[in-house]
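Peer 1: Take this structure, written in structure tokens, and hold onto it; I'll ask about it next.
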Amino acid sequence: MEAVSMGFPQGTVRAYAEGRIRREEFIAAFSGWQKSRGTSYDCRCTAAGGVARVCYRGVTATVTDGQLWWSAGVWQDRRGREHQDMRSAGTVAEFRRMVDFALRREWLEGGGRCLELMP
């Protein structure tokens, strides 16, 4: 079994960093490692009825005026009224990064418990 540091396979990362494997080999090996742990980093895009959506790790964003918009949860104001915590990103890469950071924050706040990540 390959040693893992900070959630990543050290041998694969080290081999790529040292130039012992090509980029394509690294991507294939890393993708296989992720899938073997049940984590899907696939980003799916759909368009129907004039609405474009991007889904990543179970979070769905709607594309509006060139921005990706999604709900990051619900919060209550002082009067007890609920409001959607809407987030936006300018690119799919930024959207994925923000979702990853939010999941990492949830994991840390939960005491390091494993979160079920939806594909």
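Peer 1: How large is ³J(HN,Hα) for each residue in region 50-61, as worked out from phi by the Karplus curve 6.51 cos²θ - 1.76 cosθ + 1.60 (θ = phi - 60°), to whole Hz, x for Gly and Pro?
Peer 2: Coupling constants for region 50-61: x, 10, 9, 10, 10, 10, 9, 6, x, 9, 10, 10 Hz.
Peer 1: Give a residue-ordered list of calculated ³J(HN,Hα) values for region 85-91 (Karplus: 6.51 cos²θ - 1.76 cosθ + 1.60, θ = phi - 60°; whole Hz; x for Gly, Pro).
Peer 2: Per-residue couplings from phi come out as 8, 8, 10, 9, 9, x, 9 Hz.
Peer 1: Still on this structure, I have one more. Suppose each label sits 7 Å from its Cα in the direction of the beta carbon; what would the S71-E25 distance come out to in nanometres?
Peer 2: 4.8
Peer 1: Could you please state how large a percent of the accessible area of region 14-81 is carbon and sulfur, counting protein chains only and using a 1.4 Å probe?
Peer 2: 50
Peer 1: Further, regarding this structure: For labels at C45 and R79 in the simple 7 Å Cα→Cβ model, what's the distance in nm?
Peer 2: Simple spin-label model gives 4.1 nm for this pair.
Peer 1: On a full-extension model of 0.36 nm per residue, what is the gain between V63 and R105, subtracting their alpha-carbon distance, rounded to one decimal in nm?
Peer 2: 12.6 nm
The values are calculated or read from the model by the stated rules, or taken from the named source; none is laboratory data. Computed from a predicted model, the values in this text were never measured in an experiment. In this analysis, Cβ positions are derived from the backbone assuming ideal geometry, glycine residues included, and neighbour counts consider all displayed protein chains. Ligands, DNA and RNA are excluded from the accessible area calculation, which covers all protein heavy atoms including side chains. Shrake-Rupley method; radii C 1.70, N 1.55, O 1.52, S 1.80 Å.
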